[in-house]
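Every number in this text was worked out from the coordinates using simple rules, so none of it is lab data. Please read all numbers here as calculations on a predicted model, not as lab measurements. Virtual Cβ from ideal backbone geometry, glycine too; neighbours counted across all protein chains shown.
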Amino acid sequence: MTCIVPNYGCEFTHRHIYQSTAHARQWRNLDTRVLYSEAIAGQLPELTDRPKVAYRLAGDDYLLVEYGEMRFDLYFTFRAYALNQEIKKRKIHGVIETAPGSRSLLIHYDGVRLPLHELIGHLKESEGEIPDLKQLTIPSRFVNLPIAFHDRWTREAIVRYMKSVRAEAPNLPDNVEFIARCNGLKDAKEVKEYASATQHIVIGLGDVYLGAPCAVPLDPRYRLVVPKYNPARTWTPEGAVGIGGAYTCIYAMDSPGGYQLVGRTVSIWDTQQRNPAFRDTPWLFRPFDRIQFTPVTDDELEEIRRETAEGNYRFKMNSYQVFSLKHYSEFLECVREETEAFRKRQREASKNIVM
């Protein structure tokens, strides 16, 4: 395959020479006069009831649909969910698989059965069928998880890091104290209070490995923000809970990682699916689950983890709830002033912190 392109960053119209005539036909039908570095195959402008949409090439067989600017907004997450539901309803011939993200939807498609310009046409039509998101409710389970804050296992991971990767850094030797400094909090105890004061909504799975959740604190008054490790750890204990940016992650296996470690919880992956909570899948969470952390001691967690490994632990979850963007928007308006005050404190606290 030969591809003729101009220099990086220059505006151009794609001129591709493909061995595949099917691919050649779909490229000729695309209006793709955009920056080469952006790899955008199509766009929709922002409207009063819809953010701007970018259809971004992601390899030969994938298309990434992106909403709005690169920032977290649960409205964008809902939009990606609604588009995914519309695609499923349409049963578009040639769509193989979809994977929703925090503000995007990755689509795997067969370019022979479904040329790119036809796929984008379907997607643009689907945008017009998406209902008013303020009236949309989404199934949302409530999942209560025990967590040992500032535990001995994650502290061991930090010690290993200091011995083998980097001995000194602003986040060492204590990640939790570092989180406190970055957010204008008094100490590690206050970090624990903030992390357990709000539910965390799952906006994506597989954040690191094996269905690990990418979650965001729902109450912005308690949304801790912190930079990740630089460089990353080579080892993180399974079940570790960390914060990176504004996101919370639970590690599903022993693995490398870069989130600042705050504690440890139960196993969230069960290959044998012995526990009833894993009846449908080996991973615990679904998109839009809401996680509430309940503090326990290291010894209590160790006993709970033993019960989990044996398949005897019963997860505390409620499967009969929904999440309403309308009600959440009303809540955000009620706490807007407190949220802005906390964000200002965070900005001041993190001014001089460099990883």
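Would you work out which of Thr234, Val262, Thr281 lies farthest towards the positive end of the dipole of the chain, given +1 charges on the beta-carbon of Lys and Arg and -1 on that of Asp and Glu, about the Cα centre?
Thr234
Suppose only helical runs count, i.e. DSSP H with n ≥ 4. What mean residue ellipticity at 222 nm does that imply for the chain under -39500 (n - 2.57) per run, divided by all residues and rounded to the nearest 500 deg cm²/dmol?
The per-residue figure over the chain is -9000 deg cm²/dmol.
Using per-residue counts of other Cβ atoms within 10 Å, averaged over each peptide, order 219-227, 146-154, 272-280 from highest down.
146-154, 219-227, 272-280
Return the label of the correct value of Rg/Rh (Cα atoms, Kirkwood Rh), as calculated from the structure shown, out of [x] 0.97; [y] 1.00; [z] 1.35.
After the calculation, the listed value that fits is [y].
Using a 10 Å cut-off on Cβ atoms, rank the peptides 65-72, 341-348, 138-145 from the highest mean neighbour count down.
Sorting 65-72, 341-348, 138-145 by mean packing, highest first, produces 138-145, 65-72, 341-348.
In nanometres, what is the gap between the two model label sites at Ser324 and Glu190, each 7 Å from Cα along Cα-to-Cβ?
3.5
Nearest 20 debye, what's the magnitude of the dipole of the chain about its Cα centre given +1 on Lys and Arg Cβ and -1 on Asp and Glu Cβ?
300
Would you kindly derive the ³J(HN,Hα) couplings of region 273-290 from the backbone phi angles with the Karplus curve 6.51 cos²θ - 1.76 cosθ + 1.60 (θ = phi - 60°), listing them in order in whole Hz, with x for Gly and Pro?
6, 7, 7, x, 5, 10, 4, 8, 8, x, 9, 7, 9, 10, x, 6, 4, 10
Count charges around Arg347 for me, please; just the other residues with Cβ under 14 Å from its Cβ, Lys/Arg as +1, Asp/Glu as -1.
Result for the neighbourhood of Arg347: +4.
Arranged by the count of other C-beta atoms within 10 angstrom, fewest first, what order do Lys186, Lys192 take?
Sorted ascending by nearby Cβ count, the order is Lys186, Lys192.
Using Cβ counts within 10 Å as a stand-in for footprinting exposure, how do Leu116, Leu74, Leu172 rank, fewest first?
Leu172, Leu74, Leu116
For region 139-350, what is the charge dipole size about the Cα centre, in debye to the nearest 20, if Lys and Arg each add +1 at the Cβ and Asp and Glu each add -1 at the Cβ?
Dipole of region 139-350, to the nearest 20 debye: 380 debye.
Between region 228-269 and region 292-321, what is the separation of their alpha carbon centroids in Å?
18
Please compute the contact order of the chain in relative form: average sequence separation of alpha-carbon pairs under 8 Å and at least six residues apart, divided by the residue count, as a percent.
Computed value for the chain: 16 percent relative contact order.
Taking the beta-carbon count within 10 Å as an exposure proxy, list Val241, Val191 from fewest neighbours to most.
The order, fewest Cβ neighbours first, is Val241, Val191.
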